[in-house]
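Novice: I have a structure here, written as structure tokens, and I will follow up with some questions on it.
The values are calculated or read from the model by the stated rules, or taken from the named source; none is laboratory data. Keep in mind that this is a model prediction, so the values were computed, not measured. So basically every Cβ, Gly included, is an ideal-geometry build from the backbone, and we count neighbours across all protein chains shown. Side chains are part of the model used for accessible areas, which takes the heavy atoms of the whole protein and leaves out ligands, DNA and RNA. Shrake-Rupley method; radii C 1.70, N 1.55, O 1.52, S 1.80 Å.
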Amino acid sequence: MNFIKIRDINYIEAFGNYTKVYLNDGKLSITYNSIKSWDSRLPEDVFIQIHRSTIVNLLNVTKIEKWTNDTGRLFLKGIEKPFEISRSYFFQIKKKYKV
């Protein structure tokens, strides 16, 4: 059995009944866990849910910006494509991080 170290996680994405765990070294691990399960177990000072299907490692965030209709975009180190922050999560992030 392979164990994933929390510090090695870049982001986590829902994948049906599974989750895809993207690691900082570019590797991918698929686990039988829900996003909700990950969210309740990960340290909230390091990880934040930005969408119903996505959790990111705050240590790898390079930029957060306002986007359209009260949503936001988040950029992670080493990944060109921005992540969408849904309206409800963006509201929470703005409050917490003064974006």
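Novice: Restricting the search to the range 54-83, which residues are polar (S, T, N, Q) and surrounded by 15 or more Cβ atoms within 10 Å (Cβ to Cβ)?
Specialist: Result: Thr54, Asn57, Asn60, Thr71.
Novice: Which condition number in (1) over 27 Å from Thr71 (Cβ atoms); (2) small (Gly, Ala, Ser); (3) open to solvent by 60 Å² or more (accessible area, probe 1.4 Å) is the one that Ser29 fails?
Specialist: Result: Ser29 passes all but (3).
Novice: I would also like to ask the following. When you scan the range 1-23, how many residues do you find that are modelled with pLDDT of 95 or more and polar (S, T, N, Q)?
Specialist: Looking only at that region, the number is 2.
Novice: Based on this model, can you work out whether Tyr11 counts as free of Cβ contacts under 8 Å to residues at least 60 places away in the same chain, surrounded by 15 or more Cβ atoms within 10 Å (Cβ to Cβ), of a type in the set (Ser, Thr, Tyr) and within 15 Å of Gly78 (Cβ to Cβ)?
Specialist: No; evaluated as a whole, the condition is false for this residue.
Novice: I would also like to ask the following. List every residue pair whose Cβ atoms sit under 6 Å apart, with the two residues 6 or more apart in sequence or on different chains, where the first one lies in the range 67-87 and is touching a residue at least 12 places away in the same chain (Cβ under 8 Å) and farther than 15 Å from Ser53 by Cβ and the second, anywhere, is of a type outside the set (D, E, K, R) and exposed (fewer than 13 other Cβ atoms within 10 Å of the Cβ).
Specialist: Phe75/Thr62; Lys77/Thr62
Novice: Looking at (1) assigned to a strand (DSSP E or B); (2) without any contact (Cβ under 8 Å) to a residue 12 or more places away in the chain; (3) of a type in the set (D, E, K, R); (4) exposed (fewer than 13 other Cβ atoms within 10 Å of the Cβ), which is the one condition that is false for Lys95?
Specialist: Lys95 satisfies all of (1) assigned to a strand (DSSP E or B); (2) without any contact (Cβ under 8 Å) to a residue 12 or more places away in the chain; (3) of a type in the set (D, E, K, R); (4) exposed (fewer than 13 other Cβ atoms within 10 Å of the Cβ) except (1).
Novice: Something else: If I filter the range 1-12 down to residues being outside any loop (DSSP other than H, G, I, E, B) and of a type in the set (A, V, I, L, M), which single residue comes out as farthest from Phe90 (Cα to Cα)?
Specialist: Out of the qualifying residues, it is Ile6.
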